[in-house]
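Structure record follows, encoded as structure tokens.
Readers should treat all values here as calculations from the given coordinates under stated rules, not as data from a laboratory. Bear in mind the structure is a predicted one, so any value in this text is a computation, not a measurement. Note that each Cβ is placed from the backbone with ideal geometry, even for glycine, and that neighbours are counted across all protein chains shown.
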Amino acid sequence: MHTKSSARHFEPQQHDRVDLSVVVPLYNEREVLPLLIERLAQVLTPLAISYELVLVDDGSRDGSGDILVALAAHDPHIKAVRLSRNFGKEAALSAGMDLSSGDAVVILDADLQDPPELIGAMLEAFYAGSDIVCMKRSTRAGESWGKRLSAHLFYRILNRISHFAIPEDTGDFRLMSRRAVNALNNLPERNRYMKGLFAWVGFPTHVIEYDREVRAAGSTKWNFFGLMGLAFEGITSFSVAPLRLAISFGMLAALAGAAFGLKIVLDALWHGNAVSGYPSLIAVITFLGGVQLLSIGVVGEYVGKTYLEAKQRPLYVLRDVVQSPRALNPTDAAQEAAAHEQTH
Ligand code: UDP
Ligand code: MG
């Protein structure tokens with residue numbers, strides 16, 4: 001077994017540099033896998049560049065990993081990366097980017113919701129000088145409005161409280177230059193909220209709008225709680241605003257409590273009113289109890305994050321990386337043909 005060293009460096013060998021790496025995280029995507037590879041080949045072959053497909057199996061349970069390895073044995077463009085278990089999309093992406101060697105790296109979902117046909121346009125923007133080419137969804141076909149609304153609200157909140165803009169409606173579908181990928185790969189944190197990290201890294205960015213398609217096959221890997229978790233993760237990874245919110249809540253509650261107490265005392269002194277205690281007491285206690293628990297929870301979230309970071313565990317564990325040994329790219333192939341000619 002092969003674990004990543006703590007120094008987060010992967011320097012690709014000179015000979016396996018390619019023009020473009022396409023990184024795809026996969027989790028239980030057996031149904032779309034052949035379709036994905038076919039569509040990618042259709043798009044990439046006419047571009048006449050050297051490329052590799054870094055397909056990362058994130059511990060799939062439907063045999064996607066084995067299919068991947070079998071495909072890699074026949075197609076020298078495919079680098080089949082298998083993780084030791086399911087680490088989550090963000091970790092799978094990190095693995096793919098670490099193992100990519102392209103001058104440009106495109107990240108793509110396996111389910112063909114991000115149309116590979118756009119890679120040509122992305123490369124054009126890259127060659128025109130952008131380090132990052134962000135793909136912005138102008139429509140979200142096949143997504144419930146609940147998901148759309150919550151996504152919209154989430155970006156609003158996130159951008160309010162973080163110090164750099166995280167573009168709305170851009171997913172992980174993007175192109176990045178080698179230096180942007182290296183910058184990202186060298187970020188030390190284990191808690192990888194990718195959208196935030198992409199934005200944090202910076203670099204000249206070009207935005208292309210596209211229509212997000214419906215899933216080609218299979219089903220979404222996200223559910224409501226998963227998305228809520230990701231949203232909370234996103235916010236707490238990039239901002240301490242919730243901690244401040246807890247402080248403001250606490251101050252408000254304390255002020256309200258003090259005012260209420262003062263009112264009771266004055267009432268008793270001036271009007272001789274008996275303290276009509278029980279219901280108001282319960283109301284105040286439950287309110288304060290709630291605020292306290294909430295605040296402790298928020299603090300706990302950050303303490304937990306610090307704890308996880310402090311453990312310095314690798315982001316993922318590789319099971320294996322399989323690539324056909326005769327991985328030729330067009331330029332190598334041309335050189336080889338020339339050499340062959342000379343010897344004859
Ligand atoms: N994915 C992954 N690991 C996971 C969950 C998802 O690698 O634990 C991959 C999945 O195979 C797909 C991409 O992440 O390529 C996006 O997942 P999905 O389509 O389910 O998300 P959605 O498009 O619904 O947001
Ligand atoms: Mg999808």
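Rounded to the nearest 20 debye, the dipole size of the stretch 52-115 about its Cα centre is 240 debye, using +1 on the Cβ of Lys and Arg and -1 on the Cβ of Asp and Glu.
For the stretch 62-147, with the dipole built from +1 on Lys and Arg beta-carbon atoms and -1 on Asp and Glu ones, taken about the Cα centre, which of P76, C134, G120 lies farthest toward the positive end? Going by the Cα projections, it comes out as C134.
Taking every Cα-Cα distance in the stretch 51-97 and sorting them into 5 Å bins from zero, the calculated P(r) comes out as 5, 26, 31, 23, 13, 2 percent.
Note that the stretch 71-216 carries a Kirkwood radius of 16.4 Å, evaluated over its alpha carbons pair by pair.
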